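Here is the structure we will look at.
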Amino acid sequence: MTAAVAARAVTRRPRVSPLRYPGGKAALYTRLRKLIRDSDLAGCTYVEPYAGGAGAGLGLLVTGQVSHVVVNDLDPAIHAFWRTVVEEPDFLMAQIRAVELDVPEWRRQREIYSAADEADSSALGFATFYLNRTNRSGVLNGGPIGGLDQSGNYKIDARFNRAALVERIRILSLYAECITTTCRDGIDVIAEYATQPDTFIYADPPYFEKAGSLYMNAFKAEDHDNLACVLNRLHKAPWLLTYDNDPRVQELYAQRRRREFELSYSAHRVMKATEIAVLSDSLVDIEDGWPLDKTEGT
């Protein structure tokens, strides 16, 4: 292995989250890794109060950058999935191997998801996962890839690679004791962990624009205001916030450092977006543009 190949192997972000998430931040892995290291937080507890796919945090965990990950999501269905990953990975892997990938099964799983029976958390968790992997762009309230008549260029199984998904669940099961799953208001999670030592909080809340079409728990104006109030009060704690490039971010975080950066993501189509990173006072600074590692995303 050449030095160049070895360097790429070290810096390439791991893909361990089983979920597809619109606006997901798994691509920030190398940048978050550098920020955590430069801020002397290596080996810390990493907290995502608005976890979604939790791709960046889980990548940091399995590569040894952080020692523990707190995966919080207020959506009971998303929480049911993560809880099942941690507590019943064998069930998930068996379901992934055996489930039918067709419209009748999609309808059945959608009914389980819609019923939202938290008493059967594992069934709700798998239904959430099934829709995430078989719906267009992973949007849970969307339709199946290829349409109900399966006349599209891609079919319902296009994003359901059984072997790869089983492997992701298996890898995460090895770290189950290092993953805490909760279903709480993100602000409460921030308030709790911000006072604990050796903790890094990465807050990626629902955005201002188009949030209603991407998130099941979209924010209202007062939610953005309340989050800003808490984070500004806890400005000495190590936290990072990312948002869409909206003028209200500057208004809410006028006293904090803000840096623009570009990120590629897909919801209804793949595109690049300019987003804003807001840093607490205790983190090292980042360059405007927050340069992308050359090997990131490969």
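Here are the numbers for the structure shown:
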quantity	calculated
Relative contact order (%) - the chain, alpha-carbon pairs under 8 angstrom, separation at least six	22 percent
Residue exposure sequence - D223, D149 - by fewest surrounding Cβ within 10 Å	D149, D223
Contour minus Cα-Cα distance for Y154 and A176 (0.36 nm per residue)	4.5 nm
Shape of the stretch 28-177, Cα gyration tensor, a/c cut at 1.5	prolate
Gain on full stretching of the segment that runs from A221 to D102 - 0.36 nm per residue minus C-alpha separation	38.9 nm
19 Å Cα cut-off, lysine pairs counted over the chain (separation 8 or more, or different chains)	8
Under 5 Å, built H, 5+ apart or other chain: amide partners of T180	V69, V70, V71
Theoretical FRET efficiency, 1/(1+(r/R0)^6), r = Cβ-Cβ of R258 and E192, R0 25 Å, to 0.05	0.50
Taking C229, C178 and counting other C-beta atoms within 10 Å, the order from fewest to most	C229, C178
Amide H within-cut-off set for N135, under 5 Å, with H built and near neighbours excluded	I145
Added length on full extension, which subtracts the Cα-Cα distance from 0.36 nm per residue, D288 to A163	41.0 nm
Simple label model, 7 Å out from Cα along Cβ direction - S67 to T274, nm	4.1 nm
The stretch 90-175: C-alpha gyration tensor shape, a/c 1.5 cut-off, then a/b vs b/c	oblate
Rounded tilt (10° steps) of 221-233 against the dominant C-alpha axis of the chain	50 degrees
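Values in this text are rule-based calculations from the coordinates and carry no lab data. What you see is a predicted model; the values in this text were computed from it and never measured. All Cβ positions, even for glycine, are placed from backbone atoms using ideal geometry, and neighbour counts span all protein chains on display.
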